[in-house]
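Data block below; observations after.
The values are calculated or read from the model by the stated rules, or taken from the named source; none is laboratory data. As the structure is a prediction and not an experimental result, all values here were calculated from the model. Heads up, the Cβs are rebuilt from the backbone with ideal geometry, glycines too, and the neighbour counts pull from every protein chain shown. Keep in mind that these areas ignore ligands, DNA and RNA; they rest on the heavy atoms of the full protein, side chains included. Shrake-Rupley method; radii C 1.70, N 1.55, O 1.52, S 1.80 Å.
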Amino acid sequence: PVEGRDPDEIYAILDTFDDVLASRSPGYFSQITFDGYAPEATSGGPPGIMGFGYDIRSDTPAFSVDVTEGDDLTVENADYGVIFTSTLAGNMGKTIGDTVTMNAQGYSFPVTIVGIADYGIDQIWIDWERLALETHNTIGSPPPPNQYFTTVTIGDTNTEVDVLGMDLDILVGAGITSRYFEQLLQVNDGEF
C-alpha cells in the first residue's frame, strides 16, 4: 500500500500466502536524482531514476543484485553505500569509491558507490532503512505508521499534569527513530 500501514497488519495478510511466498521483508523505493546529472529522455517515459531500498540483512532479499564490480551492500557499508547500474555509472562518469549527492523527496544526502551491477537502465539499490530515514520516512520502522503520536490521559479527562512548569490536560508521546531524533534535538547532558 502507498499509505503508511502497521507492518504487523501487512504481515498478517502475507501469512495467508505462506505456501507461495519465497520471501518477505521490508523495503522502500523512491524516484531519485543526482547533483550534476540530467538523465536522457527514454521511449519508456520521462527521464527518471528509481532508487530501490531493500533489506540487506535478509537471507532472502527482495532484490538479487548481480554485482560485477566492487561489493554487495552489507551491514558494514549500509550507512553510506549504494549500488549503481553500469549504465548509470557510465552515464555519470562514476566508479567504485566515488561519492555523489543523491536527492529524494526534497532531501539531499551523500552516497558512495560500493558496487556496480550490469543493468541497462539508470537505477540504484540501497539499504531500505537508509533511504527511508534520509527521506524522513519511518514507514516500516518502529513506531508503526499512523501511530507516531499517542495521547496519554492521566486519570480522568479533567486531570492536569505538570510538565516543565506547564499544566497540561494530556501528554503526547512522539515515537521516532533514534537517527531522526538526533537530527531534531540537541542533548546538553547525557546521550541519546
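Odds and ends about this structure:
- Residues in the stretch 85-109 that are in a loop (DSSP other than H, G, I, E, B) and more than 16 Å from the chain's Cα centre (by Cα): Gly93, Lys94, Thr95, Ile96, Gly97, Asp98.
- Top-ranked residue of the stretch 1-47 - restricted to ones that are open to solvent by less than 70 Å² (accessible area, probe 1.4 Å) and among the small types (Gly, Ala, Ser), ranked as modelled with the lowest pLDDT: Gly45
- From Met102, Met50, residue being in contact with a Phe, Trp or Tyr (Cβ under 7 Å, 6 or more places away or on another chain), open to solvent by 50 Å² or more (accessible area, probe 1.4 Å) and either in contact (Cβ under 8 Å) with a residue 60 or more places away in the chain or farther than 27 Å from Arg24 by Cα (or both): Met50
- Cβ-Cβ under 6 Å pairs, at least 6 apart or on other chains, the stretch 65-84 side more than 19 Å from Asp122 (Cα to Cα) and assigned to a loop (DSSP other than H, G, I, E, B), far side open to solvent by less than 90 Å² (accessible area, probe 1.4 Å) and at pLDDT 95 or above: Asn77/Val114; Tyr80/Thr112
- Check on Val67, modelled with pLDDT of 90 or more, out of contact with any helix residue (DSSP H, G or I) (no Cβ under 9 Å at 6 or more places or on another chain) and surrounded by fewer than 19 Cβ atoms within 10 Å (Cβ to Cβ): yes
- Selected residue (criterion: modelled with the lowest pLDDT) from residues of the stretch 117-143 that are assigned to a loop (DSSP other than H, G, I, E, B) and of a type in the set (D, E, K, R): Asp122
- Inside the stretch 116-132, residues that are surrounded by fewer than 22 Cβ atoms within 10 Å (Cβ to Cβ) and small (Gly, Ala, Ser) make up a count of 1.
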